[in-house]
Structures are given as C-alpha cells and as structure tokens.
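Report on the following structure.
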Amino acid sequence: MSKVQQVTVLGATGSIGLSTLDVIARHPELFKVFALSGFTRLDELLKLCVRHQPRYAVVPTFEAAGRLQAALIGAGLGTRVLLGEDGLCEVAAHPEVDAVMAAIVGAAGLRPTLAAVEAGKKVLLANKEALVMSGALFMEAVRRSGALLLPIDSEHNAIFQCLPGDFSRGLGAVGVRRILLTASGGPFRQTPLEQLQAVTPEQACAHPVWSMGRKISVDSATMMNKGLELIEACWLFDARPDQVEVVIHPQSVVHSLVDYVDGSVLAQLGNPDMRTPIANALAWPARIDSGVEPLDLFRIGQLNFEAPDEQRFPCLRLARQAAEAGGSAPALLNAVNEVAVAAFLDRRIGYLDIASMIESVLNQEPVVPVNELETVFAMDARARTLAAHWLERNGR
Ligand code: NDP
Ligand code: MG
C-alpha cells in the first residue's frame, strides 16, 4: 500500500462502524476517514467527526443536517454535511474515495452500497441484506465495474481466507467440496421450545458471544442471520445452496471452514471480535494489527459442533428454501424479516411470530425472475405491504 487510503464509513455510528473506526485509528499512516454517516445517533456522529475530521458527514433529515452543521462549525471543523440517500451515494462513489465500509443495516444500505460497487471501489461488505436482496444484479455490477468486494461478515471473511486466490474460477475447479458455515446458535440454543414465544427483545439481543446491533442480534437468535449468510455465501463464492452446510459451534472461535475434495478442511480461527475481519479486509492482502487479543486455545479448551435443529430454527429452513427458489424470493424473505424483527423489538409480536409472519407472506407471493433493480425494490415494497397486513391481523 503506497498511499493513505481514503475510507468512507457508511453506518459509522453502529457496531461495525465503530469497530472500523477503531481499526482505522490504529493506522493513521494507512487510512484516513473521508466520510461518515449516521441515522439516529447524531450526538455520536458529532463525536466521531471531532475525532476523525472527515471531509463529509451524512444524516437523514434536513433538520438533523442543520443541527450537525452548526455544531461542526462551532467545533471549528470544516466537515460538510450531506443529506439522505443521495448524500450516502455521493460519498460512496466520490472519486477521491478508495474504500467504502458498507455497514448500514438492512435494505436501506442497498443503493449506497451499489453506488460504491458501480464506482469500482474497494467495497467492504458488512451489509449482507444488500447482497441477499439483489444478489445476481449486485455481483454483475461488481464484475462490470471491477470493484474489489471483500466480505466483512466473520464467516464469509473466514471462507475468503480459506479459499485460494483464484476461487472465482469456480468452487469445483479449485477442488472445494463444500463450505461449512459456522453459527453460534444464539441465546436460545438450549431454551425449552415451549418458553420461546415469551422471550423478550432484551433476551434476544443478549448474544452469548458477539456484541452487535439489535437487528442482527435478533436475526442471530432466530438463525435468520445464518439463513441470510447462506444466501450471501452463495453469491460471494458462486456456490449452490446444497454446497453450504450450517454447523452450530457455540464457542464462535472457528469462523467457518472450507472442505476440499482431498479431505483437507481449512478453517480460520480467532477471538470473536469483528475488528479481525475488518482489519483483514481493510489491509488485504497485507496483515495489520487489529487490536484483537491473541487467541488463547488453552483457555478455550474445547471446540464443539452440532447440527442445527430445524424445529427450533424455522427461519433457517425458510431462508434455505428462498435460496433454492432464487429470483425474487430472497428479497421478499429479507423485507418481511426486517418488518418482523422491528415488530418483535416493538413488542407487537412474539418471538415465534417472526417465522410465522415470514412463512405466511412467502406463501402468498409467487416467485418472479429479477432482471432489474426496480423489481428488487418493487418486491421489497410488496413484501412490506403484505407484512403490514399480517401485522394488522395478528399483531398487538
Ligand atoms: P447497528 O444497528 O449497530 O448499526 C447500523 C448502522 O446503520 C448505524 O450507523 C445506523 O445509524 C445506520 N442506519 C440504520 N438505519 C439506517 C437507515 N435507514 N438509513 C441509513 N443508515 C441507517 O448494526 P451493526 O453495525 O450490528 O450491523 C450493520 C450491518 O453489518 C448489518 O447489515 C449487519 O447484518 C452486518 N453485520 C454486523 C455484524 C456485527 O457484529 N455487528 C457482523 C456481521 C455483519 P444510527 O446508529 O445513527 O441510527
Ligand atoms: Mg456473521
């Protein structure tokens, strides 16, 4: 790396955003923050601007922009505030930007992430929902623009590290038999099934190993997160759904594995701290210090593996079905899941209703081919409407 890389962090105020800024701050000779975005945590965004002095900050509303701009001027900073999705796309595609961390949660991240891809940037992809929604179109845009797509999701980053550099020739061509995607099993891995409907958002968000945003924490509890990751893996590594096997591994030390035809199985291990995949992708192909403690195998002692129970985790089955159906199915799945998780966090539905709502909406809507982005957004909107109807009938 010869020059300092200019980095845009989309979703800077979130869990991944903050971890990214922690890694960046350790290496001022390698990285400089170009732009930051926030959505509701604007006081945090102001603090981050003071600390990292970006050229731009992006917020969702006119009113928030006015307040932040005044505070920045008051703090003697030259940071310019931009607005909304157009602002996000602008800082993602800006000619002076080298790398974009896509860490907005959910469908809201799709357009800005695609803007970075279309501008041919180095794109560090945390926002798995963007890829799940628009898989084929997203990967086509990567090929067309020559963008460098690096996975941040710890499992996909692990798989990326265990695959040979020329894996894009095809998994069969490089001797891969299957991908083993590890999952912690979340906080309810052993909760008696009859107690699940009554679990609270607080319990669902108290992940035993990882500290993450609320939406992905609930997704981890239902294992929809692993379902989305299965779809994500299929697109990133050009795998068929039946080539990706989910393995529950409660310690979350083995971040995923690649099984080769000669019987070799390569794994990537590390402490469960997102700064490892973030540092790996930021500096790729070099290695830099991430601030993560060295792995102490003697303290860990044991690594356990078990098969996921589909009765306990129906969302995993629904996601696999969507992966196999292809077309509009993953975009529908993702959108209904977003509505269901938000309703659960608002205490409008119980935990088990998340899967019921998703299954009901998916059963109502035929799968159609997706040849353009407009279809993706139409499917997303359609799924949200159907989910809202379900909620009116069944929610509190
Ligand atoms: P958080 O909820 O902690 O952060 C989300 C970020 O997106 C925040 O900066 C938030 O702003 C912003 N945001 C939320 N809604 C919108 C919107 N409508 N428009 C623009 N910005 C918005 O989530 P995480 O950091 O945990 O996750 C981010 C992404 O990374 C997700 O896609 C998740 O699946 C993925 N991921 C996360 C992992 C983790 O360990 N956390 C691991 C692997 C993947 P604000 O906070 O100001 O409201
Ligand atoms: Mg993950």
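At-a-glance table
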quantity	calculated
Residue in the range 262-276 that is at pLDDT below 95, surrounded by 18 or more Cβ atoms within 10 Å (Cβ to Cβ) and not assigned by TED's automatic domain parsing to the domain that holds VAL105 present	no
The range 179-192 - residue that is among the polar types (S, T, N, Q) and under 23 Å from the mean Cα position of the chain (by Cα) and, of those, nearest to VAL261 (Cα to Cα)	THR182
TRP210 being among the aromatic types (Phe, Trp, Tyr) and open to solvent by 50 Å² or more (accessible area, probe 1.4 Å)	no
Qualifying residue in the range 379-396 (condition: among the aromatic types (Phe, Trp, Tyr) and free of Cβ contacts under 8 Å to residues at least 60 places away in the same chain)	yes
Tally, over the range 22-45, of residues that are hydrophobic (A, V, I, L, M, F, W, C) and either away from ligand 1 (no atom under 11 Å from the Cβ) or free of Cβ contacts under 8 Å to residues at least 12 places away in the same chain (or both)	8
Single match in ARG55, ARG51 (criterion: of a type in the set (Lys, Arg) and under 23 Å from GLY291 (Cα atoms))	ARG51
Filtered residues of the range 105-118 (kept if open to solvent by 20 Å² or more (accessible area, probe 1.4 Å), under 16 Å from the mean Cα position of the chain (by Cα) and more than 16 Å from ligand 2 (Cβ to nearest atom))	ALA108, ARG111
Hits in the range 127-147 - residues which are out of contact with any strand residue (DSSP E or B) (no Cβ under 6 Å at 6 or more places or on another chain) and farther than 22 Å from MET379 by Cα	ARG143, ARG144, SER145, GLY146
Residue within the range 94-113 that is more than 29 Å from LYS226 (Cα to Cα) and free of Cβ contacts under 8 Å to residues at least 60 places away in the same chain present	yes
Top-ranked residue of the range 144-153 - restricted to ones that are open to solvent by 10 Å² or more (accessible area, probe 1.4 Å) and within 16 Å of ligand 1 (Cβ to nearest atom), ranked as farthest from ASN371 (Cα to Cα)	ASP153
Subset of the range 259-269 (residues that are touching a helix residue (DSSP H, G or I) at 6+ places or on another chain (Cβ under 8 Å) and either among the aromatic types (Phe, Trp, Tyr) or within 16 Å of ALA183 (Cβ to Cβ) (or both))	ALA267, GLN268
Positions within the range 156-178 being over 19 Å from ASP262 (Cα atoms) and away from ligand 1 (no atom under 16 Å from the Cβ), in sequence order	SER168
Options LEU303, LEU316, LEU282; residue that is of a type outside the set (Lys, Arg) and open to solvent by 30 Å² or more (accessible area, probe 1.4 Å)	LEU303
Search result, residues across the range 214-246 that are free of Cβ contacts under 8 Å to residues at least 40 places away in the same chain, among the polar types (S, T, N, Q) and surrounded by fewer than 24 Cβ atoms within 10 Å (Cβ to Cβ)	SER217
Output for the range 179-219, where each listed residue is more than 16 Å from ligand 1 (Cβ to nearest atom) and in a strand (DSSP E or B)	ILE179, LEU180
Residues located in the range 119-143, provided they are closer than 24 Å to ILE24 by Cβ and either open to solvent by less than 10 Å² (accessible area, probe 1.4 Å) or assigned to a helix (DSSP H, G or I) (or both)	VAL123, LEU124, LEU125, ASN127, LYS128, GLU129, ALA130, LEU131, VAL142
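Matching residues to (1) in contact with a His (Cβ under 7 Å, 6 or more places away or on another chain); (2) crowded, with 17+ Cβ neighbours inside 10 Å; (3) of a type in the set (Lys, Arg):
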position	(1), (2), (3)
ILE288	yes, no, no
GLY291	no, no, no
PRO294	no, no, no
GLU324	no, no, no
GLU338	no, yes, no
VAL341	no, yes, no
PHE344	no, yes, no
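The values are calculated or read from the model by the stated rules, or taken from the named source; none is laboratory data. Because the structure is predicted, anything quoted here is derived from the model rather than measured. Note: ideal-geometry Cβ built from the backbone for every residue, glycine included; neighbour counts use all protein chains shown. SASA here: full protein model, heavy atoms, side chains in, ligands and nucleic acids out. Shrake-Rupley method; radii C 1.70, N 1.55, O 1.52, S 1.80 Å.
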